[in-house]
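Single-structure report; data block below.
The values are calculated or read from the model by the stated rules, or taken from the named source; none is laboratory data. It should be emphasised that the depicted structure is a prediction, and the values quoted were computed from it without experimental measurement. All Cβ positions, glycine included, derive from the backbone under ideal geometry; neighbour counts span all protein chains shown. For accessibility, only protein heavy atoms count, side chains too; no ligands or nucleic acids. Shrake-Rupley method; radii C 1.70, N 1.55, O 1.52, S 1.80 Å.
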Amino acid sequence: MKITRDVIYDVLPAYFANEVSADTRALIEEFFATDPEFRRMAARFQTLLEDERRHPEPETDAAREREAFDRARLAADLQVKTRTAALVSAAAGVFALLVALLTWNKLMGFFNPGVLLGVCFLAGAVVTFVSSFYVKPESRWRALVGLDDETLKSLGGRRR
């Protein structure tokens, strides 16, 4: 009898939970050796199962309440972080305009790099500040303004 992917797929949860016999374990590992693509898919499936076991749904009212509080605090922190990013961008724009003022000459006029950079930074500050009213933990605006989880991790930001 030929063992198919469907048969192996049906016994994977028991295999990952170490609830299969030695013969079944050997059969599954033999199938993995013949189908490396399925082995990679099963490894991803196992990772998902382990993540779910590590982060189970809260079982008590206090845990659910704490999780809701954490989500509300995260939402408030995101607005503060977004407005801080707008303030930093505005400060960079003002600094660039001051540099343009110090290096001003009639030949360049308003095409002075300081003016161009200052206008760009100030426009970015306005866009970031306006987006701070729309940013939510699950919002697509987070990635647009650079406050998504991956960007914050790369900058050393902490998630609570």
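The set of residues from region 1-46 being open to solvent by 70 Å² or more (accessible area, probe 1.4 Å) and either acidic (Asp, Glu) or within 30 Å of Phe69 (Cα to Cα) (or both) comprises Asp6, Asp10, Glu19, Asp23, Glu29, Glu30, Glu37. Here Leu49 meets each of (1) modelled with pLDDT of 85 or more; (2) of a type outside the set (S, T, N, Q); (3) under 29 Å from the mean Cα position of the chain (by Cα); (4) surrounded by 12 or more Cβ atoms within 10 Å (Cβ to Cβ) with one exception, condition (1). Step by step: first the residues of region 111-122, then only those that are among the hydrophobic types (A, V, I, L, M, F, W, C), under 19 Å from Ala90 (Cα atoms) and without any contact (Cβ under 8 Å) to a residue 24 or more places away in the chain, then the one that is surrounded by the most Cβ atoms within 10 Å (Cβ to Cβ). Which residue is that? My answer is Val115. Residue pairs whose Cβ atoms lie under 7 Å apart, sitting 6 or more positions apart in sequence or on different chains, and linking a residue in region 1-25 that is over 15 Å from Phe45 (Cβ atoms) and of a type in the set (A, V, I, L, M, F, W, C) to a partner that is modelled with pLDDT under 85 and open to solvent by 100 Å² or more (accessible area, probe 1.4 Å), do not occur here.
Restricting attention to region 74-100, the residues being closer than 13 Å to Lys136 by Cβ and free of Cβ contacts under 8 Å to residues at least 24 places away in the same chain number 1. Taking the condition assigned to a helix (DSSP H, G or I), at pLDDT 70 or above and closer than 13 Å to Ala85 by Cα, does Gly124 pass? When the stated conditions are applied, Gly124 passes them.
If the condition is being among the hydroxyl-bearing types (Ser, Thr, Tyr) and either open to solvent by less than 50 Å² (accessible area, probe 1.4 Å) or in a helix (DSSP H, G or I) (or both), then region 127-137 contributes Thr128, Ser131, Ser132. Consider Thr60 carefully, then state whether it is free of Cβ contacts under 8 Å to residues at least 60 places away in the same chain, within 30 Å of Ala123 (Cα to Cα) and polar (S, T, N, Q). Here the answer is no, as Thr60 does not meet what is asked.
Restricting region 5-21 to residues that are modelled with pLDDT of 85 or more and of a type in the set (Ser, Thr, Tyr), the residue that is nearest to the chain's Cα centre (by Cα) is Tyr15.
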